[in-house]
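**Student:** Once you've had a glance at the structure underneath, I'll fire off some questions.
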């Protein structure tokens, strides 16, 4: 299905009958798009799904972060967002005493965490108390554009299932555009090529079929 | 003699633009980019961010900082230009930052910067207008929320006639140059500068002409962006 692409300032609806959702703004009696993206209407709300841009963190996202700084009672984590994230020692799965933080996570360590809270000043708190959360000790991390993440996952995880099935690798996709891969070297190389192909051709039809073909299905 | 029987030196009519070519998303590592050719101007614009503003004391806790940097390549003009910022490019960087800031929803990204690099590779009059036009396309390509897609165009006066979009020769020999940047949806003026002399009546005429030119360029901007994303389909 072809959808309408809108640009900043494009009129997308009437404020009398519709409500502004994400990626749009209201001025007078009209609703306008505020960013480049695909127009989508859900019930009364008009939204613009972005096609580009940096990672915009949301509460509940699972992300892959890199420890940037270690304090006595917290870590500062780079989550590929415009803001650094705080990981308090209360929010890790281990019992950490004050001042002993560096025994558990050092600068450069990679973790999977979930976004616990964001306040209006955009201070981000993350937590490692979730099912998928852990410290990553092996495998490799690759980065893709955050706006392409939904395509790598696919509808109900269809693309991810395909990738796992044909390459026999362990894959974890963070919402922030970082992907953790673990497996045999040769298969990992093939998988990276497949992910790069998905990123490049994210906007085209029949991509899943082409990926299956590429992976020798 | 710059204009004779309503025809200018390069064969244009008084209200005609130079040929414009715009391409969006040309750089891989930038979040958004644009390459623009406008007459003899060749301009590359790249947008980075919103990203954490460093050093921390420059951060604004209420909004993002828009930091545009206009730079001319040393080979962009006939006589080699000494590289690096000078009085002129510092001024243009400032007015460009302010023009772009007034359309961006900066309050959505507190404590960050949005960096806009405008590199003039080849210059032939009207580079600040071309720079703003290219920067606007790059900002949209970077997915930055904006009230409108800003656009700029100049008008001027040569041989007593008000004309649109001065070329290099017309700029040097003419009587006045009036660069204007607008938000085309509601014609809000984002930048207005003037070099030379115009009477009040001529000024009004030139401003109207420049706004008309801006709207024409705005169409090309939108076409360039849609051209990059037109193949985007979602299953």
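The values are calculated or read from the model by the stated rules, or taken from the named source; none is laboratory data. Please read all numbers here as calculations on a predicted model, not as lab measurements. Positions of Cβ are backbone-derived with ideal geometry, glycine not excepted, and every protein chain shown enters the neighbour counts.
**Student:** For the range A:157-170, name all the residues that are surrounded by 18 or more Cβ atoms within 10 Å (Cβ to Cβ) and out of contact with any strand residue (DSSP E or B) (no Cβ under 8 Å at 6 or more places or on another chain).
**Tutor:** Passing the criteria: A:159, A:162, A:166, A:167.
**Student:** Return only the number of the condition from (1) out of contact with any helix residue (DSSP H, G or I) (no Cβ under 6 Å at 6 or more places or on another chain); (2) within 14 Å of chain A (Cβ to nearest Cβ) that residue B:212 does not satisfy.
**Tutor:** (2)
**Student:** Can residue A:34 be described as within 13 Å of chain B (Cβ to nearest Cβ), more than 30 Å from residue A:128 (Cβ to Cβ), free of Cβ contacts under 8 Å to residues at least 40 places away in the same chain and surrounded by fewer than 23 Cβ atoms within 10 Å (Cβ to Cβ)? Spell out how you get there, then give the answer.
**Tutor:** Numbers: within 13 Å of chain B (Cβ to nearest Cβ): yes; more than 30 Å from residue A:128 (Cβ to Cβ): yes; free of Cβ contacts under 8 Å to residues at least 40 places away in the same chain: yes; surrounded by fewer than 23 Cβ atoms within 10 Å (Cβ to Cβ): no.
In short, no.
**Student:** Can you find even one residue in the range B:190-202 that is part of a helix (DSSP H, G or I) and free of Cβ contacts under 8 Å to residues at least 40 places away in the same chain?
**Tutor:** Taking the range B:190-202 first, the residues part of a helix (DSSP H, G or I) are B:200-202.
Now restrict to residues that are free of Cβ contacts under 8 Å to residues at least 40 places away in the same chain: B:200-201.
So far as the range B:190-202 goes, yes, one or more of its residues are part of a helix (DSSP H, G or I) and free of Cβ contacts under 8 Å to residues at least 40 places away in the same chain.
**Student:** A follow-up question, please. Within the range A:139-164, can you find the residues that are without any contact (Cβ under 8 Å) to a residue 24 or more places away in the chain and away from every other protein chain (no Cβ under 14 Å)?
**Tutor:** Start the filter on the range A:139-164 by keeping residues that are without any contact (Cβ under 8 Å) to a residue 24 or more places away in the chain, which leaves A:150, A:153, A:155-157, A:160-161, A:164.
Once the filter is applied, which keeps residues that are without any contact (Cβ under 8 Å) to a residue 24 or more places away in the chain and away from every other protein chain (no Cβ under 14 Å), the range A:139-164 yields A:157, A:160, A:161, A:164.
**Student:** On to the next question. Quick one: in the range B:88-109, of everything that is surrounded by 21 or more Cβ atoms within 10 Å (Cβ to Cβ) and within 14 Å of another protein chain (Cβ to nearest Cβ), which residue is farthest from the chain's Cα centre (by Cα)?
**Tutor:** B:109
**Student:** Please note which strands (runs of 3 or more DSSP E) are completely contained in the range A:12-97 and include at least 2 residues that are at pLDDT below 90.
**Tutor:** Details: elements: A:24-27, A:30-33, A:37-42, A:45-50, A:62-70, A:74-78, A:85-88.
Passing ranges, in order: A:37-42, A:45-50.
**Student:** Have a look at B:61, B:55 and point out the one that is out of contact with any strand residue (DSSP E or B) (no Cβ under 9 Å at 6 or more places or on another chain) and within 13 Å of another protein chain (Cβ to nearest Cβ). Step through it out loud before you land on a result.
**Tutor:** On the way: B:55 fails: within 13 Å of another protein chain (Cβ to nearest Cβ).
One residue alone meets the criteria, B:61.
**Student:** Looking for something more than 21 Å from residue B:169 (Cβ to Cβ) and either at pLDDT below 95 or touching a strand residue (DSSP E or B) at 6+ places or on another chain (Cβ under 9 Å) (or both) - is there at least one such residue anywhere in the range B:72-83?
**Tutor:** Taking the range B:72-83 and keeping what is more than 21 Å from residue B:169 (Cβ to Cβ), we get B:73-74, B:82-83.
In the following step, the residues that additionally are either at pLDDT below 95 or touching a strand residue (DSSP E or B) at 6+ places or on another chain (Cβ under 9 Å) (or both) were identified as B:73, B:83.
Scanning the range B:72-83 turns up at least one residue that is more than 21 Å from residue B:169 (Cβ to Cβ) and either at pLDDT below 95 or touching a strand residue (DSSP E or B) at 6+ places or on another chain (Cβ under 9 Å) (or both).
**Student:** Also, I was wondering about something else. Would you point out which residue out of B:134, B:183, B:130, B:210 is touching a strand residue (DSSP E or B) at 6+ places or on another chain (Cβ under 7 Å), under 20 Å from residue B:20 (Cβ atoms), crowded, with 23+ Cβ neighbours inside 10 Å and free of Cβ contacts under 8 Å to residues at least 60 places away in the same chain? So that I can check it myself, show each step before the final result.
**Tutor:** Working: B:134 fails: free of Cβ contacts under 8 Å to residues at least 60 places away in the same chain; B:183 fails: free of Cβ contacts under 8 Å to residues at least 60 places away in the same chain; B:130 fails: free of Cβ contacts under 8 Å to residues at least 60 places away in the same chain.
Of the residues listed, the single one that is touching a strand residue (DSSP E or B) at 6+ places or on another chain (Cβ under 7 Å), under 20 Å from residue B:20 (Cβ atoms), crowded, with 23+ Cβ neighbours inside 10 Å and free of Cβ contacts under 8 Å to residues at least 60 places away in the same chain is B:210.
**Student:** Across the range B:146-164, what is the number of residues that are modelled with pLDDT of 95 or more, away from chain A (no Cβ under 14 Å) and assigned to a loop (DSSP other than H, G, I, E, B)?
**Tutor:** Summing the residues that are modelled with pLDDT of 95 or more, away from chain A (no Cβ under 14 Å) and assigned to a loop (DSSP other than H, G, I, E, B) in the range B:146-164 gives 0.
**Student:** Would the range B:167-185 turn up any residue that is more than 14 Å from chain A (Cβ to nearest Cβ), in contact with a helix residue (DSSP H, G or I) (Cβ under 9 Å, 6 or more places away or on another chain), under 16 Å from residue B:207 (Cβ atoms) and part of a helix (DSSP H, G or I)?
**Tutor:** No: zero hits.
**Student:** For residue B:69, all conditions in the list (1) part of a strand (DSSP E or B); (2) farther than 22 Å from residue B:99 by Cβ hold save one; what is the number of the exception?
**Tutor:** Result: residue B:69 passes all but (2).
**Student:** Kindly provide the set of residues from the range A:1-18 that are surrounded by 15 or more Cβ atoms within 10 Å (Cβ to Cβ) and more than 20 Å from residue B:24 (Cα to Cα), ordered by number. Talk me through it step by step, then tell me what you get.
**Tutor:** Restricting attention to the range A:1-18, the residues satisfying the condition of being surrounded by 15 or more Cβ atoms within 10 Å (Cβ to Cβ) are A:5-10, A:12-13, A:15, A:18.
A:12, A:13, A:15, A:18 - these are the residues of the range A:1-18 that are surrounded by 15 or more Cβ atoms within 10 Å (Cβ to Cβ) and more than 20 Å from residue B:24 (Cα to Cα).
Each row is one residue, and each column tells you yes or no for (1) over 24 Å from residue B:105 (Cα atoms); (2) surrounded by 16 or more Cβ atoms within 10 Å (Cβ to Cβ).
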{"position": "A:53", "(1), (2)": "no, yes"}
{"position": "A:65", "(1), (2)": "yes, yes"}
{"position": "A:121", "(1), (2)": "no, no"}
{"position": "A:128", "(1), (2)": "yes, yes"}
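**Student:** Only one of A:126, A:111 is modelled with pLDDT of 90 or more, within 30 Å of residue A:76 (Cβ to Cβ), outside any loop (DSSP other than H, G, I, E, B) and in contact with a helix residue (DSSP H, G or I) (Cβ under 9 Å, 6 or more places away or on another chain). Can you tell me which?
**Tutor:** Details: A:111 fails: in contact with a helix residue (DSSP H, G or I) (Cβ under 9 Å, 6 or more places away or on another chain).
The unique qualifying residue is A:126.
**Student:** Would you please name the residue that is modelled with the lowest pLDDT, looking only at residues in the range A:171-217 that are within 18 Å of the chain's Cα centre (by Cα) and exposed (fewer than 14 other Cβ atoms within 10 Å of the Cβ)?
**Tutor:** Looking at residues that are within 18 Å of the chain's Cα centre (by Cα) and exposed (fewer than 14 other Cβ atoms within 10 Å of the Cβ), I get A:200.
**Student:** Going by the conditions given, is residue A:23 surrounded by 22 or more Cβ atoms within 10 Å (Cβ to Cβ) and either closer than 27 Å to residue B:25 by Cβ or within 11 Å of chain B (Cβ to nearest Cβ) (or both)?
**Tutor:** Values: surrounded by 22 or more Cβ atoms within 10 Å (Cβ to Cβ): yes; either closer than 27 Å to residue B:25 by Cβ or within 11 Å of chain B (Cβ to nearest Cβ) (or both): yes.
Answer is yes for this residue.
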